[in-house]
Amino acid sequence: MTLLKLRRVEKHFGGLPAVAGVDLDVAQGEIVALVGPNGAGKSTLLKAISGLQPPTRGSIEFDGRRIEGLGAHDVRRLGIAMVLQTPRSFESMNVLENVALGALFGSPGSRPRVDRARDRATAMLEFVGLGDRAHEEVGNLTLHQQRFLELARALAGNPRLLLLDEVMAGLNDTELQASIDMVRTARDELGLTVIWVEHVMKAVMSLAERIVVLNFGTILADGEPHQVMTDPNVVAAYLGDEIDTHV
Ligand SMILES: Nc1ncnc2c1ncn2[C@@H]1O[C@H](COP(=O)(O)OP(=O)(O)O)[C@@H](O)[C@H]1O
Ligand SMILES: [Mg+2]
């Protein structure tokens, strides 16, 4: 079943197209890696889907419903959660409170009561392995733990589609593997669909089941990982960029 369907999606900033006509179908349960050189439009595309920066043109259909005109809040309530490149936790709240916010503002249907939000938040903290850090200040967490906190907050909103923007940057090998396992487990156990922007090729090649390459705001390649990453057009697009497609 197609969960997400993009047609001719464009996003312009002051006349310049950052996303220049993207057609993309994502099936329920897929893990899709979105890769491409810096400035290719990856973050802009995710933000267009999530309603943070609605597209200039084109249509976005989620679960059979047009969403391109909706704001971020409404998109989230329909079941699309995004984890941004830079952590956005509130330093004045502890770990659990941060995650509870995700439960309060994300859930589809009627807004849950605060105690239910806390229960959901606790469950999601356990899920990402931060159960014992619930009452910690956010500032005391490592980068890796902060990323998992952001993930828990996204999951607390009970999404069906999870958009991740370079959430594995700056992690060591052990943390990277834990993150890869976590995304796969989230898909398998919570029934999620994942679109995930990533620069760390090792992570892409071990987690992605499909790779979409964006270049100058358009799709350059889309398909099975090894095939895509050895495509001469893709290799050429990455020239000058640090990339290791050897696996
Ligand atoms: N808010 C913005 N205002 C103006 N230009 C932007 C804005 N966000 C992104 N861009 C431009 O859009 C292009 C794509 O950016 P981005 O989506 O961040 O690329 P990527 O995530 O692939 O590195 C870049 O040229 C960038 O400078
Ligand atoms: Mg980006």
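Every number here is computed from the coordinates shown, using simple stated rules; none is lab data. If you're wondering where the values come from, they're calculated on a predicted model, not measured in any experiment. Positions of Cβ are generated from backbone atoms using ideal geometry, with glycine treated the same way; all protein chains shown enter the neighbour counts.
Could you please find all residues in region 211-228 being outside any strand (DSSP E or B) and over 19 Å from the mean Cα position of the chain (by Cα)?
Correct list: Phe216, Glu224, His226, Gln227, Val228.
Please find, within region 160-197, the residue that is nearest to the chain's Cα centre (by Cα) out of those that are within 16 Å of ligand 2 (Cβ to nearest atom) and farther than 13 Å from Ile31 by Cα.
Applying the filter and picking the extreme gives Asp165.
With the requirement that a residue be within 16 Å of ligand 1 (Cβ to nearest atom), touching a residue at least 40 places away in the same chain (Cβ under 8 Å) and over 19 Å from Ala103 (Cα atoms), what does region 124-168 give you?
Asp165, Glu166, Val167
Return the residues of region 189-205 that are touching a Pro at 6+ places or on another chain (Cβ under 9 Å) and in a helix (DSSP H, G or I); say none if nothing qualifies.
Scanning region 189-205 gives Leu190, Val204, Met205.
Picking from Leu207, Leu190, Leu141, Leu163, which residue would you name as being out of contact with any Leu (no Cβ under 6 Å at 6 or more places or on another chain), closer than 24 Å to Ala40 by Cβ and either of a type in the set (A, V, I, L, M, F, W, C) or buried (at least 23 other Cβ atoms within 10 Å of the Cβ) (or both)?
Leu207
Among the numbered criteria (1) within 14 Å of ligand 1 (Cβ to nearest atom); (2) buried (at least 19 other Cβ atoms within 10 Å of the Cβ); (3) of a type in the set (A, V, I, L, M); (4) touching a residue at least 40 places away in the same chain (Cβ under 8 Å), which one does Val95 miss?
Looking at each condition in turn, Val95 falls short on (1).
Does any residue of region 18-31 turn out to be within 9 Å of ligand 1 (Cβ to nearest atom) and either surrounded by 20 or more Cβ atoms within 10 Å (Cβ to Cβ) or among the hydroxyl-bearing types (Ser, Thr, Tyr) (or both)?
Yes, the conditions are met somewhere in region 18-31.
Give Gly39, Gly51, Gly69 a once-over and let me know the one that is touching a helix residue (DSSP H, G or I) at 6+ places or on another chain (Cβ under 8 Å) and not hydrophobic (A, V, I, L, M, F, W, C).
That would be Gly51, the only listed residue that is touching a helix residue (DSSP H, G or I) at 6+ places or on another chain (Cβ under 8 Å) and not hydrophobic (A, V, I, L, M, F, W, C).
What pairs come up if the first residue lies in region 31-56 and is farther than 14 Å from Pro17 by Cβ, the second is more than 8 Å from ligand 1 (Cβ to nearest atom) and not hydrophobic (A, V, I, L, M, F, W, C), and their beta carbons are under 6 Å apart, counting only those six or more places apart or on different chains?
Between residues of region 31-56 that are farther than 14 Å from Pro17 by Cβ and residues that are more than 8 Å from ligand 1 (Cβ to nearest atom) and not hydrophobic (A, V, I, L, M, F, W, C), the close pairs are Ile31/Arg187; Ile31/Glu209; Val32/Arg210; Ala33/Glu198; Gly36/Asn215; Pro37/Asp241; Gly51/Gly71.
Go through Ser89, Ser59 for me and flag whichever is surrounded by fewer than 18 Cβ atoms within 10 Å (Cβ to Cβ), out of contact with any His (no Cβ under 9 Å at 6 or more places or on another chain) and farther than 16 Å from Glu166 by Cα.
Ser59
Just to be sure before I move on: is Ala186 in a loop (DSSP other than H, G, I, E, B) and not β-branched (Val, Ile, Thr) in the structure I sent?
Taking the combined requirement at face value, the residue does not satisfy it.
Conditions first: (1) in contact (Cβ under 8 Å) with a residue 24 or more places away in the chain; (2) within 19 Å of Thr142 (Cα to Cα); (3) part of a helix (DSSP H, G or I). Leu171 passes all but one, so which condition is the exception?
So Leu171 meets the others, but not (3).
Do we have any residue at all in region 108-115 that's among the hydrophobic types (A, V, I, L, M, F, W, C) and assigned to a helix (DSSP H, G or I)?
Scanning region 108-115, I find at least one residue that is among the hydrophobic types (A, V, I, L, M, F, W, C) and assigned to a helix (DSSP H, G or I), so the answer is yes.
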